[in-house]
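Everything on this sheet refers to the single structure shown next.
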Amino acid sequence: MKGRRILLWPIEEPAMTRLLAYVVLLGIVSCGSKKAAKADSTNKASLGSTLSAVVEPTAQLPTDATVAQAVPNDAEQQATASESAAGQTTAYPEGHAKMLAILRQIKDRASQEHYYYGRGLHTRLTKSYDDLSLDADPPHRFNLLRRLGYAELNFEPTPQLAIKHLTEAYDLLPSIDFPDANAQSLSSLDVKFYLAMAYLRLGESENCCLRHTAESCILPIQGAGVHSKQEGSRKSIKYFLEVLQEADGSSHRSEYFEQARWLLNIAYMTLDEYPDQVPKKYLIPPEFFQSEVEFPSFENVGPKLGLNTFNQAGGAVVDDFDGDHYLDIFTSSAGPDMQTRFFRNNRDGTFTDQTAAAGLTGLFGGLNMVQAD
């Protein structure tokens, strides 16, 4: 179907969100330029007509490769590219070029400034740690290690640094003279819980990510989803048990107990030791994971179909974008530096990534997408 419009709504800081939303509407819906506005409606630069060019030899593709195939690194280059393309085709109007330029700016800034994806705090904490003197007092060192480990757990691609620094903080616990029992309990629970989380993530990285199967990370974990590399889960169990024992009689029980209990049961599942090896007082009964009604088990067939991507939460639209009567797939990811993807149906049950060929390079981010006709 030609003429499909898909609006992407990235999650950014408010001012940038409003501006980006305006440019997205300008570039994808209204096409942004006077020349595009005068063009026949069937030739508008909607996503659908752009994607149709992938498989229709007679469709007009942009002749200026600086816009169609490469995304310039700054707004000035982008504007030059749009001016060059303006006299040759309506497929990439001025509004589209502006949208790409702003998305590029957001992508470049997000690495430091974004609340969830930015590494600004992580960078500052790392510098503070590097500058820390060897004779720094234990409470100061402990607090910095705890905060740095948490930041590394969020922003580092692998959990090894978080494990290193949270373990150092854990080892300092006996040497710190806390102001009162409440502060001691909160600090201890916090470090132990996130150290357990870091080890659980290690298990996930070494198994679910590096050895991904159709049964990975699907509850209840079983079969090919069971971890073959077990260090991460084994050590996470050690620290989750410490959290549970300490939190049970603490004023901070509600903040840690049920979370640790749930994750402890999951950790045992990854080792194929649930429910038998879970301490009875912390066991979540197997009945909890059973459906009250008959429900089939669905296999994750994505890897077999060419849809095995590594991204974050996002949106997806399934539609016949190229008019061949087969459903194609367009996806987005919440990460402001993550490329949207277009998968064309090969008409045999599999898909091929045709993002670049469809001229979609440079469309980053988008937690949600809305399909409209």
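The values are calculated or read from the model by the stated rules, or taken from the named source; none is laboratory data. Bear in mind that the values here come from a model prediction, so they are computed numbers and not experimental data. Counting neighbours? That spans all protein chains shown, and the Cβs are built from the backbone with ideal geometry, glycine included. Keep in mind that these areas ignore ligands, DNA and RNA; they rest on the heavy atoms of the full protein, side chains included. Shrake-Rupley method; radii C 1.70, N 1.55, O 1.52, S 1.80 Å.
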Exercise. Give the stretch 249-270 a look and list any residue that's open to solvent by less than 80 Å² (accessible area, probe 1.4 Å), of a type outside the set (D, E, K, R) and either on the phi > 0 side of the Ramachandran plot or part of a helix (DSSP H, G or I) (or both), or say none.
Key: Tyr256, Phe257, Ala260, Leu263, Leu264, Asn265, Ile266, Ala267, Tyr268, Met269, Thr270
Practice problem: Scan (1) surrounded by fewer than 21 Cβ atoms within 10 Å (Cβ to Cβ); (2) in a helix (DSSP H, G or I); (3) in contact (Cβ under 8 Å) with a residue 24 or more places away in the chain for the single condition Ala110 breaks and write down its number. | Solution: (1)
Exercise. Would you please name the residue that is least open to solvent (accessible area, probe 1.4 Å), looking only at residues in the stretch 271-319 that are aromatic (Phe, Trp, Tyr) and in contact (Cβ under 8 Å) with a residue 12 or more places away in the chain?
Key: Tyr282
Practice problem: Among the numbered conditions (1) open to solvent by 80 Å² or more (accessible area, probe 1.4 Å); (2) modelled with pLDDT under 70; (3) not hydroxyl-bearing (Ser, Thr, Tyr), tell me where Ala79 comes up short. | Solution: (1)
Quiz item: Considering the stretch 214-248 alone, what residues qualify as being assigned to a loop (DSSP other than H, G, I, E, B), free of Cβ contacts under 8 Å to residues at least 60 places away in the same chain and either surrounded by fewer than 19 Cβ atoms within 10 Å (Cβ to Cβ) or hydrophobic (A, V, I, L, M, F, W, C) (or both)?
Solution: Cys217, Ile221, Gln222, Val226, Ser228, Lys229, Gln230, Asp248
Exercise. Test Met369 against the stated conditions and say whether it is of a type in the set (A, V, I, L, M) and under 21 Å from Cys217 (Cβ atoms).
Key: no
Quiz item: Can you find even one residue in the stretch 237-250 that is over 21 Å from the mean Cα position of the chain (by Cα) and polar (S, T, N, Q)?
Solution: yes
